[in-house]
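First the structure, which I've put down as C-alpha coordinates, then a few questions once you've had a look.
The values are calculated or read from the model by the stated rules, or taken from the named source; none is laboratory data. Computed from a prediction, not measured in an experiment: that's the story for all the values here. Cβ: placed from backbone, ideal geometry, glycine included. Neighbour counts: every protein chain shown. The protein model used for the area step is the full one, side chains on, heavy atoms only, and it has no ligands, DNA or RNA in it. Shrake-Rupley method; radii C 1.70, N 1.55, O 1.52, S 1.80 Å.
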Amino acid sequence: VDLWHGDKMDLFLEATGGAGENVTGAPILNDRLIKLVGEKGTIGLFLALGTIFLILLIDFRSLGYALLGMVPLVGGFVWMVGAFVLFGWKFDVANVEALPLILGIGIDDAVHVLHAVKRRGVKQLPDILRHTGRALLLTSLTTSIAFGAIAFSSHIGFAGMGFLLVLGVVSCFIASVVLLPAVMRIFLKDTPYNRQQEAKHV
(Lines give C-alpha, C1' and ligand atoms only; values in the text may rest on other atoms or scores of the structure.)
Protein backbone atom coordinates (compact mmCIF):
# COMPACT_ATOMS: atom_id res chain seq x y z
CA VAL A 1 0.00 0.00 0.00
CA ASP A 2 1.01 3.63 -0.38
CA LEU A 3 1.99 4.72 3.12
CA TRP A 4 1.98 8.40 2.12
CA HIS A 5 -1.79 8.34 2.53
CA GLY A 6 -2.68 9.25 6.10
CA ASP A 7 -5.22 6.49 6.79
CA LYS A 8 -2.87 3.75 5.57
CA MET A 9 -0.03 5.25 7.56
CA ASP A 10 -2.13 5.30 10.74
CA LEU A 11 -3.02 1.62 10.29
CA PHE A 12 0.63 0.73 9.68
CA LEU A 13 1.83 2.61 12.76
CA GLU A 14 -0.87 1.03 14.88
CA ALA A 15 0.08 -2.45 13.68
CA THR A 16 3.84 -2.03 14.09
CA GLY A 17 3.56 -0.10 17.34
CA GLY A 18 2.41 -3.24 19.14
CA ALA A 19 5.59 -5.08 18.16
CA GLY A 20 7.78 -3.05 20.51
CA GLU A 21 9.36 0.34 21.13
CA ASN A 22 12.44 -0.37 19.01
CA VAL A 23 10.59 -0.81 15.70
CA THR A 24 12.04 1.55 13.09
CA GLY A 25 11.89 2.30 9.38
CA ALA A 26 11.12 5.18 7.03
CA PRO A 27 7.36 5.40 7.81
CA ILE A 28 7.95 5.49 11.56
CA LEU A 29 10.75 8.06 11.28
CA ASN A 30 8.58 10.14 8.97
CA ASP A 31 5.74 10.13 11.50
CA ARG A 32 8.07 11.17 14.31
CA LEU A 33 9.58 13.93 12.19
CA ILE A 34 6.13 15.33 11.41
CA LYS A 35 5.29 15.38 15.12
CA LEU A 36 8.62 17.06 15.91
CA VAL A 37 8.08 19.67 13.20
CA GLY A 38 4.59 20.28 14.58
CA GLU A 39 5.99 20.90 18.06
CA LYS A 40 9.08 22.95 17.17
CA GLY A 41 7.73 24.42 13.95
CA THR A 42 5.13 26.43 15.85
CA ILE A 43 7.89 28.19 17.76
CA GLY A 44 9.79 28.83 14.53
CA LEU A 45 6.62 30.15 12.88
CA PHE A 46 6.06 32.74 15.60
CA LEU A 47 9.74 33.73 15.54
CA ALA A 48 9.53 34.25 11.77
CA LEU A 49 6.33 36.31 12.10
CA GLY A 50 7.96 38.40 14.83
CA THR A 51 11.03 39.04 12.66
CA ILE A 52 8.86 40.03 9.68
CA PHE A 53 6.87 42.39 11.90
CA LEU A 54 10.09 43.98 13.16
CA ILE A 55 11.31 44.52 9.58
CA LEU A 56 7.96 46.11 8.65
CA LEU A 57 8.22 48.36 11.70
CA ILE A 58 11.70 49.52 10.65
CA ASP A 59 10.60 49.98 7.03
CA PHE A 60 7.37 51.92 7.59
CA ARG A 61 8.35 53.53 10.92
CA SER A 62 4.75 53.13 11.95
CA LEU A 63 3.14 50.60 14.24
CA GLY A 64 -0.17 50.90 12.37
CA TYR A 65 1.33 50.17 8.96
CA ALA A 66 3.39 47.30 10.36
CA LEU A 67 0.24 45.73 11.81
CA LEU A 68 -1.59 46.27 8.51
CA GLY A 69 1.24 44.50 6.71
CA MET A 70 0.68 41.41 8.83
CA VAL A 71 -3.05 41.23 7.97
CA PRO A 72 -2.75 39.69 4.47
CA LEU A 73 0.14 37.45 5.54
CA VAL A 74 -1.75 35.93 8.46
CA GLY A 75 -5.07 35.88 6.56
CA GLY A 76 -3.52 34.30 3.47
CA PHE A 77 -1.63 31.76 5.58
CA VAL A 78 -4.83 30.67 7.33
CA TRP A 79 -6.70 30.42 4.00
CA MET A 80 -3.83 28.38 2.53
CA VAL A 81 -3.78 25.83 5.36
CA GLY A 82 -7.58 25.58 5.35
CA ALA A 83 -7.74 25.01 1.58
CA PHE A 84 -4.89 22.48 1.76
CA VAL A 85 -6.79 20.40 4.31
CA LEU A 86 -10.11 20.79 2.48
CA PHE A 87 -8.51 19.37 -0.66
CA GLY A 88 -7.66 16.24 1.33
CA TRP A 89 -3.90 16.78 1.69
CA LYS A 90 -1.96 16.18 4.89
CA PHE A 91 1.27 17.72 6.08
CA ASP A 92 4.41 15.61 5.82
CA VAL A 93 8.17 16.10 6.02
CA ALA A 94 8.37 17.23 2.37
CA ASN A 95 5.51 19.72 2.04
CA VAL A 96 5.94 21.28 5.48
CA GLU A 97 9.18 22.80 4.15
CA ALA A 98 7.01 25.12 2.03
CA LEU A 99 5.65 27.00 5.06
CA PRO A 100 8.71 29.25 5.67
CA LEU A 101 8.83 30.04 1.94
CA ILE A 102 5.22 31.24 2.04
CA LEU A 103 6.00 33.65 4.88
CA GLY A 104 8.83 35.20 2.87
CA ILE A 105 6.92 35.41 -0.41
CA GLY A 106 3.49 36.23 1.00
CA ILE A 107 4.52 39.52 2.61
CA ASP A 108 5.82 41.06 -0.64
CA ASP A 109 2.45 42.03 -2.16
CA ALA A 110 1.28 43.71 1.04
CA VAL A 111 4.47 45.79 1.26
CA HIS A 112 4.00 47.17 -2.27
CA VAL A 113 0.35 48.05 -1.65
CA LEU A 114 1.11 49.69 1.69
CA HIS A 115 3.94 51.81 0.30
CA ALA A 116 1.70 53.04 -2.51
CA VAL A 117 -1.11 53.89 -0.08
CA LYS A 118 1.24 55.61 2.36
CA ARG A 119 2.57 57.74 -0.48
CA ARG A 120 -0.70 58.51 -2.25
CA GLY A 121 -3.49 58.10 0.31
CA VAL A 122 -6.38 55.71 0.89
CA LYS A 123 -8.68 57.50 -1.58
CA GLN A 124 -6.30 56.49 -4.36
CA LEU A 125 -6.81 52.76 -3.62
CA PRO A 126 -8.83 52.06 -6.80
CA ASP A 127 -6.07 53.57 -8.94
CA ILE A 128 -3.36 51.84 -6.89
CA LEU A 129 -5.03 48.47 -7.34
CA ARG A 130 -5.38 49.07 -11.08
CA HIS A 131 -1.66 49.68 -11.49
CA THR A 132 0.22 48.13 -8.56
CA GLY A 133 -2.39 45.36 -8.35
CA ARG A 134 -1.80 44.44 -12.00
CA ALA A 135 1.94 44.11 -11.37
CA LEU A 136 1.29 41.99 -8.29
CA LEU A 137 -1.03 39.75 -10.30
CA LEU A 138 1.67 39.13 -12.92
CA THR A 139 4.36 38.35 -10.34
CA SER A 140 2.00 36.06 -8.42
CA LEU A 141 1.06 34.22 -11.62
CA THR A 142 4.67 33.66 -12.68
CA THR A 143 5.61 32.49 -9.18
CA SER A 144 2.58 30.17 -9.03
CA ILE A 145 3.43 28.67 -12.43
CA ALA A 146 6.99 27.98 -11.30
CA PHE A 147 5.89 26.38 -8.04
CA GLY A 148 2.99 24.64 -9.78
CA ALA A 149 5.46 22.64 -11.86
CA ILE A 150 6.51 20.85 -8.67
CA ALA A 151 2.87 19.83 -8.08
CA PHE A 152 3.12 17.47 -11.08
CA SER A 153 5.95 15.51 -9.47
CA SER A 154 5.48 11.74 -9.22
CA HIS A 155 6.71 12.00 -5.63
CA ILE A 156 3.61 12.70 -3.55
CA GLY A 157 5.60 14.66 -0.96
CA PHE A 158 7.03 17.08 -3.53
CA ALA A 159 3.66 17.27 -5.29
CA GLY A 160 2.05 18.33 -2.02
CA MET A 161 4.79 20.90 -1.52
CA GLY A 162 4.16 22.43 -4.96
CA PHE A 163 0.40 22.46 -4.38
CA LEU A 164 0.85 24.12 -0.98
CA LEU A 165 3.15 26.79 -2.45
CA VAL A 166 0.64 27.64 -5.17
CA LEU A 167 -2.14 27.90 -2.60
CA GLY A 168 0.04 30.13 -0.44
CA VAL A 169 1.00 32.54 -3.22
CA VAL A 170 -2.59 32.81 -4.48
CA SER A 171 -4.04 33.21 -0.97
CA CYS A 172 -1.59 35.96 0.01
CA PHE A 173 -2.19 37.78 -3.28
CA ILE A 174 -5.97 37.74 -2.80
CA ALA A 175 -5.57 38.85 0.81
CA SER A 176 -3.31 41.73 -0.30
CA VAL A 177 -5.69 43.10 -2.95
CA VAL A 178 -9.02 42.33 -1.25
CA LEU A 179 -8.64 41.92 2.51
CA LEU A 180 -5.91 44.53 3.06
CA PRO A 181 -7.66 47.36 1.13
CA ALA A 182 -10.88 46.67 3.04
CA VAL A 183 -9.07 46.90 6.38
CA MET A 184 -7.23 50.06 5.30
CA ARG A 185 -10.52 51.70 4.35
CA ILE A 186 -11.70 51.16 7.92
CA PHE A 187 -8.61 52.14 9.91
CA LEU A 188 -6.60 54.61 7.82
CA LYS A 189 -7.33 58.29 7.48
CA ASP A 190 -6.76 59.76 4.06
CA THR A 191 -3.81 62.05 3.35
CA PRO A 192 -3.54 64.71 0.63
CA TYR A 193 -2.26 63.36 -2.67
CA ASN A 194 0.36 65.50 -4.38
CA ARG A 195 1.02 64.43 -7.98
CA GLN A 196 4.31 66.36 -8.04
CA GLN A 197 5.49 64.39 -5.03
CA GLU A 198 4.35 61.19 -6.73
CA ALA A 199 6.38 62.09 -9.83
CA LYS A 200 9.52 62.29 -7.69
CA HIS A 201 9.07 58.66 -6.65
CA VAL A 202 8.53 57.35 -10.18
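What number of residues within region 72-92 are open to solvent by 10 Å² or more (accessible area, probe 1.4 Å), modelled with pLDDT of 85 or more and in contact with a helix residue (DSSP H, G or I) (Cβ under 6 Å, 6 or more places away or on another chain)?
Of the residues in that region, 3 qualify.
Could you run through region 106-138 and say how many residues are of a type outside the set (Lys, Arg) and either open to solvent by less than 40 Å² (accessible area, probe 1.4 Å) or touching a strand residue (DSSP E or B) at 6+ places or on another chain (Cβ under 9 Å) (or both)?
Step one: list which residues in region 106-138 are of a type outside the set (Lys, Arg), which gives 106-117, 121-122, 124-129, 131-133, 135-138.
Okay, now just the ones that are also either open to solvent by less than 40 Å² (accessible area, probe 1.4 Å) or touching a strand residue (DSSP E or B) at 6+ places or on another chain (Cβ under 9 Å) (or both), so 106-107, 109-111, 113-114, 116-117, 121-122, 125, 127-128, 132-133, 136.
Count: 17.
Quick check on my filter: what residues within region 63-103 are free of Cβ contacts under 8 Å to residues at least 12 places away in the same chain, part of a helix (DSSP H, G or I) and small (Gly, Ala, Ser)?
Gly82
Please verify whether Leu141 is in a helix (DSSP H, G or I), at pLDDT 90 or above, out of contact with any Asp or Glu (no Cβ under 6 Å at 6 or more places or on another chain) and crowded, with 16+ Cβ neighbours inside 10 Å, treating the condition exactly as stated.
no
Please go through region 18-71 and pick out each residue that is open to solvent by 80 Å² or more (accessible area, probe 1.4 Å), among the acidic types (Asp, Glu) and more than 20 Å from Leu101 (Cα to Cα).
Glu21
Does region 147-156 contain at least one residue that is open to solvent by 20 Å² or more (accessible area, probe 1.4 Å), of a type outside the set (Gly, Ala, Ser), part of a helix (DSSP H, G or I) and at pLDDT 90 or above?
no
Determine if region 104-116 includes at least one residue that is touching a residue at least 40 places away in the same chain (Cβ under 8 Å), under 16 Å from Val166 (Cβ atoms) and not in a helix (DSSP H, G or I).
no
Inside region 160-182, can you point out the residues that are among the small types (Gly, Ala, Ser) and either in contact with a Pro (Cβ under 7 Å, 6 or more places away or on another chain) or open to solvent by 10 Å² or more (accessible area, probe 1.4 Å) (or both)?
Within region 160-182, Ser171, Ala175, Ser176, Ala182 qualify.
A further question follows. Inspect all residues belonging to region 130-152 and state whether any of them is in contact (Cβ under 8 Å) with a residue 12 or more places away in the chain and among the basic types (Lys, Arg).
no
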